[in-house]
Amino acid sequence: MNEFINLTINTIKNISVWSVLDILVVAYIFYKSYMLIKDTRAEQLLKGILFIVVLIPISYVLRLNMLYVILNKTITIGVLTIVIIFQPEIRRALEHLGRSAFDDIHTVQDKEEINKTINEVVIAVDALAKTKTGALIVIEQSTGLGDFMASGTRIDGLVSSAMLENIFVVNTPLHDGATIIKNSRIVASGCVLPLTSNNDINKKLGTRHRAAIGLSEICDAIIIIVSEETGTISLAINGRLTRNYDKEKLRTILVKVIENKQSKRVKTAGERVKVWIRKVVKNDK
């Protein structure tokens, strides 16, 4: 007991500022990793893996040789299996990291232009909801959606309520698919989106809603859905679906989300410009 106490005291004495920083960084990484997999199927898989890891030393101490060998082999070949199983979560984590660290400063838009775009989208969505016309509208944020744009028909036109309403008229060539908006322009329509693999969502939700959730799970886009059965307006952001929006509520949430993203980009852009100016001044000296 005395040896343990002495060892603990010596360890505490030898802890430096860098050791504390190291611990905090690792703790933060574990926390963020857990938050990314929380409430997903990966959380249950992780519990299973931890259970196997705990069983390995127990089987060794109890001399359960066959179980010990099996568990060891499982862990050995399990690394590749984990990468395959956790592929959606790993992709989402890396994209989240990329969005946080490298927001594109070239996509900063004028506030008036943003409000005009939002207003046109809201007017169109409200009109489509009243006529129970199914619609799927994607507003690109930091994550590029070039792969999904390529699956549709290129338009490259200014956002207008009339254009959006015409696109989703039933039995027209572009109505059955997603329309993607980037920098206040309708870039493409009739685009194919990935369906969510989440089995816990409402079984009554159709393909549009599943596609919206699927895309929102892998990027930070805002996806607006209009149900062709009920005319209900829904919103998918960051893998979560919220429903029953009216005109004003939809406008409020779009303004809040998009302007918040833009303000972060402006701040990032400003900081980078300041760094660039400091470097120029330093070189001149």
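The values are calculated or read from the model by the stated rules, or taken from the named source; none is laboratory data. Not measured: the values here are computed from a predicted model. Glycine also receives a Cβ, built like all others from the backbone with ideal geometry; neighbour counts cover every protein chain displayed. Only protein heavy atoms, including side chains, enter the accessible area calculation; ligands, DNA and RNA are left aside. Shrake-Rupley method; radii C 1.70, N 1.55, O 1.52, S 1.80 Å.
Applying the condition of being open to solvent by 20 Å² or more (accessible area, probe 1.4 Å) and farther than 15 Å from THR133 by Cα to the range 163-189 and asking which residue is modelled with the lowest pLDDT yields ASN183.
Do we find that LEU7 is in contact with a His (Cβ under 8 Å, 6 or more places away or on another chain) and modelled with pLDDT under 80 in this structure? Spelling it out, it is not the case that LEU7 is in contact with a His (Cβ under 8 Å, 6 or more places away or on another chain) and modelled with pLDDT under 80. For the range 71-79, the criterion of a residue being surrounded by 11 or more Cβ atoms within 10 Å (Cβ to Cβ) and at pLDDT below 70 is satisfied by at least one position.
Could you list all residues from the range 1-28 that are exposed (fewer than 10 other Cβ atoms within 10 Å of the Cβ) and either among the small types (Gly, Ala, Ser) or in contact with a Ser or Thr (Cβ under 8 Å, 6 or more places away or on another chain) (or both)? Of everything in the range 1-28, just one residue is exposed (fewer than 10 other Cβ atoms within 10 Å of the Cβ) and either among the small types (Gly, Ala, Ser) or in contact with a Ser or Thr (Cβ under 8 Å, 6 or more places away or on another chain) (or both), namely SER16.
Scanning the range 127-149 for residues that are surrounded by fewer than 20 Cβ atoms within 10 Å (Cβ to Cβ) and touching a residue at least 12 places away in the same chain (Cβ under 8 Å) gives ALA127, LYS130, THR131, LYS132, THR133, GLY134, SER142, THR143. Each residue in the range 192-246 was checked for being assigned to a strand (DSSP E or B) and under 18 Å from the mean Cα position of the chain (by Cα), and 11 of them qualify.
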